[in-house]
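The values are calculated or read from the model by the stated rules, or taken from the named source; none is laboratory data. Given the structure is predicted, the values throughout are model-derived calculations rather than measurements. Cβ placement follows ideal geometry from the backbone for every residue including glycine, while neighbour counts extend to all protein chains displayed. The accessibility values were calculated without ligands, DNA or RNA, using every heavy atom of the protein model including side chains. Shrake-Rupley method; radii C 1.70, N 1.55, O 1.52, S 1.80 Å.
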Amino acid sequence: QHYARFFEGKVIYCCCDNPRQSSFCKFFRDNYSNLKIARLICSWIPQNEFKTQWAEYDSLSKEYVYHQIPGSSGSYDSPESIELLNIADVVVTNPPFSKALNL
């Protein structure tokens, strides 16, 4: 409630947060209208995989639209993740888990 004005009209990017599991994604999804968020984007690497996934919340259908980024390392500093980062006004993450290792 104290920071709601900072999210109004903003693109929120939750890097390294699976929207099916992340409390950050759940909070922003559940409060999308109240906070007047412009867009909500989440990215993550599925367990046992090395392909970045990302999803954007569709406020009309109240569902996420899922995408896969083939060839990405999944790291927050990969070129594909940087593209998503450049769209965002606000990045919400939980360090130190934000950096995926290139194995």
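Taking the simple approach of a point 7 Å from Cα along Cα-to-Cβ for both Ser59 and Asn94, what is their distance in nm? It works out to 2.5 nm between the two label points.
Working note: Cα gyration tensor of the chain, eigenvalues times five, square-rooted, sorted largest first, giving semi-axes of 23, 14, 12 Å. Which FRET efficiency value, to the nearest 0.05, do you get for Phe6 and His67 by plugging their Cβ-Cβ distance into 1/(1 + (r/R0)^6) with R0 = 22 Å? In this case the efficiency is close to 0.25. When the chain is treated as a GNM with alpha-carbon contacts under 10 Å, the residue of Leu84, Leu40, Leu60 showing the greatest mean-square fluctuation is Leu60. Once the GluC sites (Glu not before Pro) in DSSP loops with at most 16 neighbouring Cβ atoms within 10 Å are cut out of the chain, the longest remaining piece is 50-103.
For the chain, report the accessible area per residue in Å² (1.4 Å probe, heavy atoms, rounded to an integer).
Details: 6610 Å² over 103 residues.
I get 64 Å² per residue for the chain.
Given +1 at the Cβ of Lys and Arg, -1 at the Cβ of Asp and Glu and no other charges, the dipole of the chain around its Cα centre is 280 debye to the nearest 20.
State, as an integer percentage, the relative contact order of the chain based on alpha-carbon contacts under 8 Å between residues 6 or more apart. The partial results should precede the final answer.
Values: 181 pairs, mean separation 30.8, N = 103.
Here the relative contact order equals 30 percent.
Solvent-accessible area of the chain (1.4 angstrom probe, protein heavy atoms only): carbon and sulfur portion equals 52 percent.
The share of alpha-carbon pairs in region 7-60 lying farther apart than 12 Å comes to 61%. For the options Arg29, Arg39, Arg20, a Gaussian network treatment of the chain with springs between C-alpha atoms closer than 10 Å singles out Arg20 as fluctuating the most. Summarising the strand pairing of the chain, around 65 percent of its internal DSSP beta bridges are antiparallel. Farthest towards the positive end of the charge dipole of the chain, among the residues Cys25, Leu84, Gln47, is the Cα of Cys25, using unit charges on the Cβ of Lys, Arg, Asp and Glu.
Loop-only check: which chymotrypsin sites (Phe, Trp or Tyr not before Pro) in region 1-95 are DSSP coil with at most 12 other Cβ within 10 angstrom?
Details: sites: Tyr3, Phe6, Phe7, Tyr13, Phe24, Phe27, Phe28, Tyr32, Trp44, Phe50, Trp54, Tyr57, Tyr64, Tyr66, Tyr76; in loops: Tyr3, Phe50, Tyr76.
Within region 1-95, the qualifying chymotrypsin sites (Phe, Trp or Tyr not before Pro) (loop, at most 12 other Cβ atoms within 10 Å) are Tyr3.
If R0 is taken as 25 Å, the Cβ-Cβ distance between Asn34 and Glu83 corresponds to a FRET efficiency of 0.30. If you run the Gaussian network model on the chain, springs between alpha carbon atoms under 10 Å, then out of Ser61, Ser23, Ser43 the most flexible one is Ser61.
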